[in-house]
Amino acid sequence: MTGNTVLLATGIAGGQGAAAWRSAVALGGFVVGAAVAALFPRSDEPFRLSRLVPLAAELGMLLGAVFWWSVGAPGTSARLVLIALFGTAMGMQSAVVSRLGVGVSTTYITGTWTAVSGWLARTIRPATSGAEGTAQGDRWRQVMVVLTYFGAALLTGYLFLRFGVVAAWVPPGLLGIGLLASLFPRRSVTASGGKG
């Protein structure tokens, strides 16, 4: 959405109405999706309705958009609807992940790059480290997020160039698997090694 904000501004400034509309629709969809997901009451349990319902709605939007995209090349108006669906799905996902409190965002890669860069600088030259510190686990989690984003972008680009729109079925497929897995409660392991 950072890129869409920039593209919206440059589209308006440069008189590129079509580009500005695409970015505005994506941003609007994202805001609506995040707001709708935020309306669900919070819960301490990891897979309550406050998380499952928005993710199920995201899956429905992704499936609908990918199916629509797969059956034919949409015209300009239909493309805007697809952009709105994808943006709304992304907004819902971001809101749900932010509620999990894992310290990782599915959309905020710029901040993750900043955190990783600061950690690397403090590792190379410890004297420059300031008052702020990042736990070792958080540091590696941020590095893994950057690598995951980069790897996913490479894989997605390859799949799209190789298989076209068929590659667009991968994200909803993975989300569907994750949702199905979350429906089955995990068993906790007690200190004695038995299952509880």
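The values are calculated or read from the model by the stated rules, or taken from the named source; none is laboratory data. All of these numbers come straight from a predicted model, not from anything done at the bench. Don't worry about glycine lacking a Cβ; one is built from the backbone with ideal geometry, like all the others, and counts go over all protein chains shown. Accessible surface areas use protein heavy atoms only, side chains included; no ligands, DNA or RNA. Shrake-Rupley method; radii C 1.70, N 1.55, O 1.52, S 1.80 Å.
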Estimated distance in nm for a label pair at I177 and T156, the labels positioned 7 Å out from Cα along Cα-to-Cβ = 1.7 nm
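Taking every pair of distinct Cα atoms and averaging 1/r, then inverting, what Kirkwood hydrodynamic radius in Å comes out for segment 137-186? Mind showing how you got there, number by number?
Numbers: mean 1/r = 0.0782 Å⁻¹.
12.8 Å is the Kirkwood radius here.
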Over the heavy atoms of V146, what accessible area does a 1.4 Å probe trace out, to the nearest 10 Å²?
-> 10 Å²
Accessible surface of T2 - all protein chains present, 1.4 Å probe, nearest 10 Å² | 100 Å²
